[in-house]
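Since every read-out is calculated from the coordinates, none of them should be taken as a lab result. Keep in mind that what you see is a predicted model, and the values were worked out from it rather than measured. Virtual Cβ from ideal backbone geometry, glycine too; neighbours counted across all protein chains shown.
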Amino acid sequence: MSTDEGLHAGHRSTRRKHRNYAAPGIFFVTICANANRCIFGRVTEKRTELSVLGEITRKAWTAIPSHFARINLLAFVILPNHLHGIIEIAYAVGAQHAAPQLSANVNSRVCADVTRGSLGAMIRSFKAEVTKQAQEKLNWKGEIW
C-alpha cells in the first residue's frame, strides 16, 4: 500500500479496505502524537508519569463511553508519545460526540469518509476533545496529533 490519499505525508493506513469499522467488534488502536513527540508524559522508574496534557488525554479517553453508547473501553495505556487502546464496538444505538458528526457533502478527503458511530468517528471525536481542552487549559498552539 502506498501513501494514502488525504493522510499525513508518509503515513500509510493499516485499515482494511473492505472492513466495516462501524460494525460490532474488538479493535486494537494506536494513536501517536504528531512527529512522535513525547508530550503525554515521561517514563520514570518503569512507569509513565503523565504530563498535564497526558492527564487531559486520559480523562478524554475514559469519557469516550459517555459520548458513544456503543463503545466499551477494555484496556488502554498512555505512553510519552502515543497511546494504545482495546475498544469494543457493541450493539446499541445513540451517541453524543465531542466533535460534530460530518455530513456526506463535506469537502475534506480525510473526514468525509467518517461513518457515524464508527471507530473513525470515535477517534476523531476523542482527538478533537483533547485538542480543544489543550487549547483552553494549556493555551496549546501546535499540533497534538
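Taking residues in segment 121-145 that are hydroxyl-bearing (Ser, Thr, Tyr), and partners anywhere that are in a helix (DSSP H, G or I) and surrounded by fewer than 19 Cβ atoms within 10 Å (Cβ to Cβ), the pairs with Cβ atoms closer than 8 Å and at least 6 places apart or on different chains are SER125/HIS67. Filter segment 65-93 for residues that are touching a residue at least 40 places away in the same chain (Cβ under 8 Å) and surrounded by fewer than 18 Cβ atoms within 10 Å (Cβ to Cβ) and give the result. Passing the criteria: HIS67, LEU74, ASN81, HIS82, HIS84, ILE86, GLU88, ALA90, TYR91.
The set of residues in segment 26-43 that are in contact with a helix residue (DSSP H, G or I) (Cβ under 7 Å, 6 or more places away or on another chain), free of Cβ contacts under 8 Å to residues at least 60 places away in the same chain and either over 18 Å from TRP61 (Cα atoms) or not small (Gly, Ala, Ser) (or both) contains only PHE40.
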